[in-house]
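Encoded as structure tokens, the structure appears first; notes follow it.
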Amino acid sequence: MTHRDDPALMAAADLLRIEAKAVLAQLDSLDADFLATVSHIASGAGNTLVAGVGKSGLIARLLSSKLASVGAQAFYYSALDALHGELGALREGDLVILLSNSGQTQELIDLGKVAARRGVKVAAMVSRVPSGLSRIADWTLRCHVEREATETKLPTASTTAMLALADALVVAVASRRGFTIADYGDNHPGGTLGIVLAGKVRDLMVTAPEQVALVTGEQPIFETLLAMTRFPNGAALVVDGAGRLTGIVTEGDIRRGLAAHGKTFLERDTGACMTSPVRRTCGPDATALEALEIMETPHQINVLPVVDGDGSPLGLLRLHDIAGLEVEKSLG
């Protein structure tokens, strides 16, 4: 028996197929009720309070956190605590989103009824329609789930579907609000993600001429190579008599030249191996994410010249200076 025939791996593979199907099924959930919920949250008319119990409660916490990260006035709301003295948090114009796979969670039904009496809008994210929650909700966000992925009925496909629909709600709200990467960076200044989203190039680059080799096109390639050795950035910036950027030379350019022409290549002028004009640059006030997008489009480069408004080099941004390159660069 090969490892692919192992029953545990086969069960895991079956689960992934079922859950993938469950995620795609949520396309049918993008209806008028979904859009009405998005519009209410994006309007900022009131707070959005998200509640759930058990596994749905964990997703409710995540949904409220993600909504807040895209600028919504969203908070996790404990149904149990609400029913035992914290209903004062509800205000007319607010929205409560109640998450329950069955749609029959009694604490959530009770909370929804009280909320409705207080002029609070109610959205129910449920798999079963009709259900106790769908009947009292202004808007029903239906999670389309055919079945769980295991015979034991362990919450699997249902929680994955609910999480996917919750993420869809967050992205739709962000789109409706016109929420940008820069806005997200403002809401997440800490850690690696904050560096990638909002960190400025001026804070990450190596500066010229203190840390970057600046050469002229007339200098022998050998001198340029020595300058690049003193400043090991993988590249030298070529400037004209006025100090403006006219080209860039990388270690790869020199290696390819030596391979093609031999050591006499080092006696040639730097202009013979530089890339000119330099089509990809950025300013010092660009975010790290903006610079990363420039460095990756249309193909990846490892260094990016940083220039001022007159085209004079201020420094060099290296790919490895940008932390967290694996972070997803789009909200949508």
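The values are calculated or read from the model by the stated rules, or taken from the named source; none is laboratory data. Because the structure is predicted, anything quoted here is derived from the model rather than measured. Heads up, the Cβs are rebuilt from the backbone with ideal geometry, glycines too, and the neighbour counts pull from every protein chain shown. For accessibility, only protein heavy atoms count, side chains too; no ligands or nucleic acids. Shrake-Rupley method; radii C 1.70, N 1.55, O 1.52, S 1.80 Å.
Of the cross-linked pairs LYS55/LYS113; LYS55/LYS121; LYS21/LYS55; LYS121/LYS200; LYS21/LYS66; LYS200/LYS263, which ones have a Cα-Cα span greater than 30 Å in the structure shown?
The answer is LYS121/LYS200; LYS200/LYS263.
For ALA124, which sequence-distant residues (separation of 5 or more, or a different chain) have an amide H within less than 5 Å of its own amide H, given hydrogens modelled in the peptide plane?
LEU98, TRP139, THR140, LEU141
7 Å from Cα along Cα→Cβ at both GLU210 and ASP6: what's the point-to-point distance in nm?
Placing both labels 7 Å along Cα→Cβ, they lie 5.4 nm apart.
Is any residue of the range 206-229 close enough, with backbone N under 15 Å, to a label point placed 7 angstrom from the Cα of ALA272 along the Cα-Cβ axis, and if so, which?
It comes to 217-225, nothing else.
Between LEU87 and HIS320, what length in nm is gained on full extension when 0.36 nm per residue of separation is reduced by their alpha carbon distance?
Length gained between LEU87 and HIS320: 78.8 nm.
Output ³J(HN,Hα) for the range 276-283: one whole-Hz value per residue in order, computed from phi by the Karplus curve 6.51 cos²θ - 1.76 cosθ + 1.60 with θ = phi - 60°, and x for Gly and Pro.
With the stated coefficients, the range 276-283 comes to 8, x, 8, 8, 10, 9, 8, x Hz.
Grab the beta carbon distance between ALA116 and SER175, set R0 = 22 Å, and tell me the FRET efficiency rounded to 0.05. All intermediate terms of the calculation are to be shown ahead of the outcome.
On the way: r = 28 Å, r/R0 = 1.28.
Step by step, r from the Cβ atoms, then E = 0.20.
Helix 106-117 versus the longest principal axis of the chain: what is the Cα-based angle in degrees, 0 to 90, to the nearest 10?
90 degrees
Would you mind checking which residues have amide H under 5 Å from ALA74's amide H? H placed 1.01 Å from N; only 5 or more apart, or other chain.
THR48, ALA68
To the nearest 0.05, how large is the calculated FRET efficiency for ALA36 and LYS200 if R₀ is 45 Å and r is the Cβ-Cβ distance?
0.70
Assign one of three labels to the range 234-329, namely rounded, prolate or oblate, based on the Cα gyration tensor with a ≥ b ≥ c the square roots of its eigenvalues; rounded applies when a/c is under 1.5, prolate when it is not and a/b is larger than b/c, and oblate otherwise.
oblate
So, with a 1.4 angstrom probe, what is the percent of accessible area on the chain that is carbon and sulfur?
Looking at the chain in its full context, I get 54 percent from C and S.
Which of rounded, prolate, oblate describes the range 86-158, given a ≥ b ≥ c as roots of the alpha-carbon gyration tensor eigenvalues and a/c under 1.5 marking rounded, otherwise prolate only if a/b is larger than b/c?
Values: a/c = 2.86, a/b = 2.35, b/c = 1.21.
Here the range 86-158 falls in the prolate category.
Taking 25 °C and 0.890 mPa s as the conditions, I'd like the Stokes-Einstein D for the chain in µm²/s, using the Kirkwood hydrodynamic radius from alpha carbon pairs.
It diffuses with D of about 103 µm²/s by this estimate.
Counting heavy atoms of the protein chains only and a 1.4 Å probe, report the per residue accessible area for the range 4-141 as a whole number of Å².
On the way: 6610 Å² over 138 residues.
About 48 Å² of surface per residue is accessible.
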